[in-house]
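Just dropping this structure here.
The values are calculated or read from the model by the stated rules, or taken from the named source; none is laboratory data. A quick note: this is a predicted structure, and the numbers were derived from the prediction, not measured. Don't worry about glycine lacking a Cβ; one is built from the backbone with ideal geometry, like all the others, and counts go over all protein chains shown. Surface areas here come from the heavy atoms of the whole protein model, side chains and all, with no ligands, DNA or RNA. Shrake-Rupley method; radii C 1.70, N 1.55, O 1.52, S 1.80 Å.
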Amino acid sequence: MRRLPLLLTTLALCGGLAAFGALDRPWPGSPRPSADTARPPGNRSAPDGSLTRAISADQQRLRQLPNDAAAWARLGAEYVEQARLTADPSYYPKADEALRRSLTLVPQANADALTGLGALANARHLFDQAGDFAERAIAASPTHWPAYAVLADARTQLGDDTGATEAVQQLLDRRPGTAAFTRAAYDLEQHGRTDDARAALRQALEGAYDPADKAFCQYQIAELDRTSGRAQEALTGYRQALGTDPGHTPALAGQARAEAALGRHDDAVRDYAAAIARVPLPQYLLELGELQESLGQPEQAREQYRMLTAEQQLAAANGVVDDLTLGQYQADHGDPAEAVRLLRAEWARRQNVLVADALSWALHRTGADTEALGLARQAQAHGWHNALFLYHLGEIEHALGDTDDARTHLTEALTADPAFNPLQAPLARTALTALG
């Protein structure tokens, strides 16, 4: 599929969004008071009050009407959303039970239950299953727009580039809203079209009226600024998102990233810790640990890494299959050989650019640079201006003696985002100096 029509459709629909009157939050399962250290796993923030009330209402209804298939499907989707908001995967088995109960009661044309099972499979990183459920939901109800969001996410994670774009386009055609626009922007960003992605998000923001939707768009725009090396603009954007919705935890973590990039390390540690206290995502734990390691605080960093491992174990116990995050951690902070083992397993399940980059780096860390080079180049195939990917490619080329290419890609990494990682950006500068 050609990609220009995707952008034109995105902008056209965003521009006319006010006529539709509303933006919808992304379908559940999409990527949460100050504290010096993060909370231990299991000490979770309470989910949004409206979600809690919705769950209670559906539980009460089902006690009275246990054969209400629609209520079971709704409750299952609410459990998936609750897991997302709290980073507590113990809600996944509850979601699975509720959604399958709905499907048992109404086995034919139950698009809500099938879509919910797809969202749950995405949340558990079972992307093949998620795609299958979404396609079954679409077959049952071709106008059921949430299924296209689930399908787009599954195909993106599986590395089905053309299929993901098609699903995003179908979502845009059926339901122009936050779910569609943010996915379109991510698709464009992955193909090196950062300005187009920003334009799509700004158009979406103009049509948003709900504070959560506005904050989500503001956060995504700030992320584009940060990964383009504009840390001060990103910090302003994250603060705007928090002003719009003080409970938007991704913006709080984003604020910490921008502060770290600007050298405001105490503020960054504080805000990371606050974000983790709300929602202990492994990503936040890894980022805080690396920041603390860069600041010469190894004991504090080890505590974040310990918690990351505990979170991963909790997720695995509740049906989540995620060798990517643990592989990334092992490559830089543990056993690179174990990282290769984990990431080969992940690559066998899904061949997208994130896994290609992670596996290439793990291979490099074990000295297998020839194999690593092919994967690192594959991670760059779509033109994504990702500073970390470029750094990894440059270091692999450096190890293989490809001096000119290494110099080019290390320069591109530091140009794209001079503070892309508190540990690896300084190494990139050192390597570039050594290359002359």
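What FRET efficiency would be calculated for the residue pair Asn67, Leu435, taking the C-beta separation as r and a Förster radius of 51 Å, to the nearest 0.05? Each step should come with its number before you reach the end.
Working: r = 69 Å, r/R0 = 1.36.
Efficiency for this residue pair is about 0.15.
State to the nearest 20 debye the size of the charge dipole of the chain about its Cα centre, where the only charges are +1 on K and R beta carbons and -1 on D and E beta carbons. Numbers along the way, then the final one.
On the way: 41 positive and 56 negative charges, 235 e Å.
In debye, rounded to 20, the chain gives about 1140.
Continuing with this model, one more query. Calculate the all-directions average of the projected area of the range 112-238's alpha-carbon convex hull, and give it in nm².
Numbers: hull surface 31.2 nm².
For the range 112-238, averaging the hull's shadow over all directions gives 7.8 nm².
Related question: Rounded, prolate or oblate for the range 188-240? Axes are the square roots of the Cα gyration tensor eigenvalues, ordered a ≥ b ≥ c, and the cut-off for rounded is a/c under 1.5. Let's see the in-between values first.
Values: a/c = 2.61, a/b = 1.21, b/c = 2.15.
It comes out oblate by the Cα gyration axes.
Could you order the peptides 296-304, 225-233 from most to least packed, using the average number of other C-beta atoms within 10 Å per residue? Kindly include the intermediate steps, with their values, before the conclusion.
Numbers: 296-304: 15.8, 225-233: 18.8.
So the peptides 296-304, 225-233, ranked by packing, come out 225-233, 296-304.
Ignoring ligands, DNA and RNA, please state the percent of accessible area on the range 222-280 from carbon and sulfur, probe 1.4 Å.
On the way: 900 of 1970 Å².
Exposed carbon and sulfur together represent 46 percent of the surface.
OK, next. If you roll a 1.4 Å probe over the heavy atoms of the protein chains, what accessible area per residue do you get for the range 40-151, in Å²?
Working: 4870 Å² over 112 residues.
I get 43 Å² per residue for the range 40-151.
Moving to a separate point now. What are the equivalent ellipsoid semi-axes of the range 56-102, built from the alpha-carbon gyration tensor (square roots of five times its eigenvalues), in whole angstrom, biggest first? Please report the intermediate quantities before stating the final value.
Numbers: eigenvalues 73, 21, 10 Å².
Each semi-axis is the square root of five times an eigenvalue, giving 19, 10, 7 Å.
From the square roots a ≥ b ≥ c of the eigenvalues of the alpha-carbon gyration tensor of the range 243-345, which class results: rounded (a/c under 1.5), prolate (a/b over b/c), or oblate? Please list the in-between numbers first.
Values: a/c = 2.25, a/b = 1.44, b/c = 1.57.
Since a/c reaches 1.5 but b/c is at least a/b, the shape of the range 243-345 is classed as oblate.
If you don't mind, there's one more thing I want to ask. Determine ³J(HN,Hα), in whole Hz, for all residues of the range 184-199 in sequence, where each value follows from phi through the Karplus function 6.51 cos²θ - 1.76 cosθ + 1.60 and θ = phi - 60°; x replaces Gly and Pro.
4, 5, 5, 4, 5, 4, 4, 9, x, 9, 5, 5, 5, 4, 5, 4
How large are Rg and Dmax for the chain when only the alpha carbon atoms are used, in Å?
Cα only, the chain: 21.4, 74 Å (Rg, Dmax).
Given the -39500 (n - 2.57) contribution per DSSP H run of 4+ residues, what per-residue ellipticity at 222 nm results for the chain, rounded to the nearest 500 deg cm²/dmol?
Working: 23 runs with 322 residues, N = 436.
Per the formula, -24000 deg cm²/dmol.
Okay, moving on. Please give, to one decimal in nm, the separation of the simple spin-label points placed at Ser90 and Glu233, each 7 Å out from Cα toward the Cβ.
Taking the two extended label points, one gets 4.4 nm.
Can you tell me the length gained on complete extension of the stretch Tyr209 to Leu262, counting 0.36 nm per residue apart and subtracting the Cα distance?
Contour length minus Cα-Cα distance gives 15.9 nm.
Quick one: what are the phi-derived ³J(HN,Hα) couplings along the range 360-376, Karplus 6.51/-1.76/1.60 with θ = phi - 60°, whole Hz, x for glycine and proline?
So the Karplus estimates, Gly and Pro as x, are 4, 5, 4, 4, 4, 5, 9, x, 8, 6, 5, 5, 4, 4, x, 5, 5 Hz.
Moving on. Could you tell me, in Å, what Rg and Dmax come out for the Cα atoms of the range 189-287?
Calculated on Cα positions, Rg and Dmax stand at 13.1, 36 Å.
Which is farthest toward the positive dipole end of the chain among Phe216, Leu252, Ala358, measuring Cα position about the Cα centre, with Cβ charges +1 (Lys, Arg) and -1 (Asp, Glu)?
Checking the options against the dipole of the chain, the answer is Phe216.
Quick one: check the C-alpha center-to-center distance for the range 180-258 versus the range 275-312, whole angstrom.
Using only Cα atoms to place each centre, the spacing works out to 24 Å.
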